[in-house]
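Everything on this sheet refers to the single structure shown next.
The values are calculated or read from the model by the stated rules, or taken from the named source; none is laboratory data. Computed from a predicted structure; not experimentally measured. When we count neighbours, we look across all protein chains shown, and the Cβ atoms used for this are built from the backbone with ideal geometry, even at glycine. Areas reflect the complete protein model, heavy atoms only, side chains present, ligands, DNA and RNA absent. Shrake-Rupley method; radii C 1.70, N 1.55, O 1.52, S 1.80 Å.
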Amino acid sequence: MKYNFDTHVERRGTDSLKWNVEENELPMWVADMDFETAPEIKAALLKRAEHGVFGYTEISDKWYSAYIDWWKNRHGFEMEKSWLIFSTGVVPSISSAVRKLTTPAEKVLIQTPVYGVFFNSVINNGRQVLENPLKYDGSSYEIDFEDLEEKLSDPQTSMMILCNPHNPVGKIWDRDTLARIGELCAKHNVVVLSDEIHCDLTDPGCEYISFASVSEECRKNSVTCISPTKAFNIAGLQTSAVVVPDVRLRHKIWRQLNTDEVAEPNAFAAEAAIAAFTSGGQWLDQLREYIFLNKKTVEEYLKAEVPSIKLLSSQATYLLWLDCSGVKGFENSEVLSKSIRKETGLYLSSGRFFGGNGSSFLRMNIACPRDVLLDGLDRLKRWNDKS
């Protein structure tokens, strides 16, 4: 391989959110990779830093072209320049959209278990969370469409936040599923906000479909949040884009992003995105292969050494969803995660943060060198054997 993902990068003492833990602890929780970003991105940032002047920055045509060409060539979705708006992050964009496209006390539908910050973006803005729990059959999740339509038909439901691919269950929604969501939301006048930040982190051979690409109906009724930050490990640079094909919706989103002061790039934000999407393809493909092998390592290890914990099959993200309902004396995942951390130093995310049936699950971040992953698995085994 051209790129070496086995290299250790010391992150302690760097004010890292993930690594601000005790000396004996191993954090495998927040969605933050332990790999250096692509060398091509690093080179672009070093070149920009050497200039030495970091004044106000405008978005160039190169930024628009980088996004447009990447989505056309990688994902088969042709976007127009006018559809794209820069933003400092997917979460700020979601919160802005909630504020602009819904009114206080209205309902925003989410499909749980799902990224817990969705709850914050709704509740903190004075709206109500309306859950459409995903159906779990013991091995996979599906959408409960009967429940979905019932809740979309509520006159107080004005927005649906779609997670595509889905975090934490790692599900890639297929075209028919997305089309059905689009039809129901259009029928009931519910706008779709699609969070697609994990779209480039699919398993080799697996491809995601952007919600807005499915049909004209979906395109006209959607706001899509995209970013290179998860795939290229550059979240701290605060760079993303919002895609809004419909001119009326786009004007509303543009106004709110500017009102919230999250529509202006720092001196490195645009450069990083351009480098990622124009020069980072080979690095990303090798990263996906490495993460996929990490996933297979976890699957084989758990089956052999910790069979009471079951890995849910997934097609995307480097975040694994672990079914712990078979653990002896199991109470809930919050108690479980605290016990594992206290006894072994292994820090996993409690599934309760994600709502739905998350209380039976832990989430594990496997975007790390393989020997670090094996250390985490050994810690999990030690805890299991002791308990």
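A few points about this structure:
- With all pairs of different C-alpha atoms in the average, the Kirkwood value for the hydrodynamic radius of segment 106-188 is 13.1 Å.
- Anisotropy class of segment 78-117 from Cα gyration tensor, a/c 1.5 cut: prolate
- Across segment 307-384, the convex hull enclosing all Cα atoms gives 92 Å³ per residue.
- The alpha-carbon atoms of segment 228-387 define a convex hull whose volume equals 160 cubic angstrom per residue.
- Accessible surface computed residue by residue for the chain, with neighbouring protein chains in place and a 1.4 Å probe, gives 43 Å² per residue.
- Annotation: amide H of Leu26 within the under-5 Å range of Leu346, Tyr347, sequence separation 5 or more or interchain, hydrogens built in the peptide plane.
- Probe 1.4 Å, all protein chains present, accessible-area order of Trp254, Trp283, largest first: Trp254, Trp283
- Using Cβ point charges alone (K and R +1, D and E -1), the dipole size of the chain about the Cα centre works out to roughly 380 debye.
- Distribution of pairwise C-alpha distances over segment 1-104, 5 Å bins, in %: 2, 8, 10, 13, 17, 18, 16, 10, 5, 1, 0
- Backbone amide hydrogens, once placed in the peptide plane, bring Gln128 within less than 5 Å of Ala105, Glu106, Lys107, Val108, excluding anything fewer than 5 places away on its chain.
- Cross-link table Lys100/Lys171; Lys338/Lys386; Lys310/Lys381; Lys187/Lys252; Lys171/Lys296; Lys171/Lys295, entries beyond 19 Å C-alpha to C-alpha: Lys100/Lys171; Lys187/Lys252
- The Rg/Rh ratio of segment 79-144, with both radii computed over alpha carbons and Rh defined as the Kirkwood radius, is 1.07.
- Couplings 3J(HN,Hα) of segment 217-227, computed from phi: 4, 5, 4, 6, 10, 9, 10, 10, 9, 9, 5 Hz, in residue order, whole Hz [Karplus 6.51 cos²θ - 1.76 cosθ + 1.60, θ = phi - 60°; x for Gly and Pro].
- Between the residues Ser194, Ile181, Gly205, the greatest Cα displacement towards the positive end of the dipole of segment 150-205, with unit charges on the Cβ of Lys, Arg, Asp and Glu, is found for Ile181.
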